[in-house]
Amino acid sequence: MPRIAVFVSGGGSNLQALIDSEVRQHIVLVIADRPAAALQRARDAGIIDTIEFSRKALGKQRLSEEIQKAVEAYRIDLIVLAGYLSIFTEEFSAAWRGKMINIHPALLPRFGGKGMYGHHVHEAVIAAGETESGCTVHFVGEGVDKGEIILQARVPVFEGDTVESLAARVLEEEHKALPEAVLRVMSESR
Ligand code: GRF
């Protein structure tokens, strides 16, 4: 039974999708890098321990070190980044190669990388005149939003789409794609 930790920074709708799926029985820990409403979703789901770190107070190096201690203590097998915004040290990312996945609200490798998160992604997609967007679940590799792609889901971009309307359409697909990707990774790692 793989032990999963989910990392969050925001509202936690992706975490909620995992809680509402078969993945829930494997989630033993939720970690936030700041005060995040997502932690309450974990508490409301019962059985899930939560840890709130302060990225601001700790800084990148100490945050990665504290998180490493926590995931070791909980004997975590797979880390799922669900709306998580802090960048890890290279050392941490290397230690979790092949065991840490992320969901990004665009069709990587385009519209990814430093600074491309949340509404910035959808602004860039609309500004580029794309007729299609979507989301990508991938293993965390070298650098931001790099790494082997596990699965992607596509949505149309309509004339007159706003950042909000596109974000909502993509988020709906994220909520299906993330649980599916986690279950696929777990079945392949058996
Ligand atoms: C959203 O922009 C989502 O596309 C991305 O993280 C952000 C917040 O997601 N994956 P959540 O509602 O906190 O899960």
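Details
- Cα shape, region 25-65, gyration tensor, a/c 1.5 rule: oblate
- Extension gain for the segment GLU142 to GLU22, taken as residue separation times 0.36 nm less the Cα-Cα distance, is 40.2 nm to one decimal.
- Whole-number percent relative contact order across the chain, with pairs defined as alpha carbons under 8 Å at least 6 apart: 20 percent
- Stretching LEU85 away from THR162 to a fully extended chain increases their span by 25.4 nm, per 0.36 nm per residue minus the current alpha-carbon distance.
- Per-residue ellipticity at 222 nm, computed for the chain from helices alone with -39500 (n - 2.57) per DSSP H run of at least four residues, works out to -12500 deg cm²/dmol.
- Computed across the chain, the Kirkwood hydrodynamic radius from all distinct Cα-Cα pairs reaches 16.7 Å.
- Computed about its Cα centre, the charge dipole of the chain is approximately 560 debye, with only Lys, Arg, Asp and Glu carrying charge at their Cβ.
- Relative packing of 16-26, 124-134, 96-106, which averages over residues the other C-beta atoms within 10 Å, highest first: 96-106, 16-26, 124-134
We did not get these values from a lab; they are worked out from the coordinates using the rules stated. Note that this is a predicted model, so its numbers are computed, not measured. Ideal geometry is used to build each Cβ from the backbone, glycine not excepted, and the neighbour counts take in all protein chains shown.
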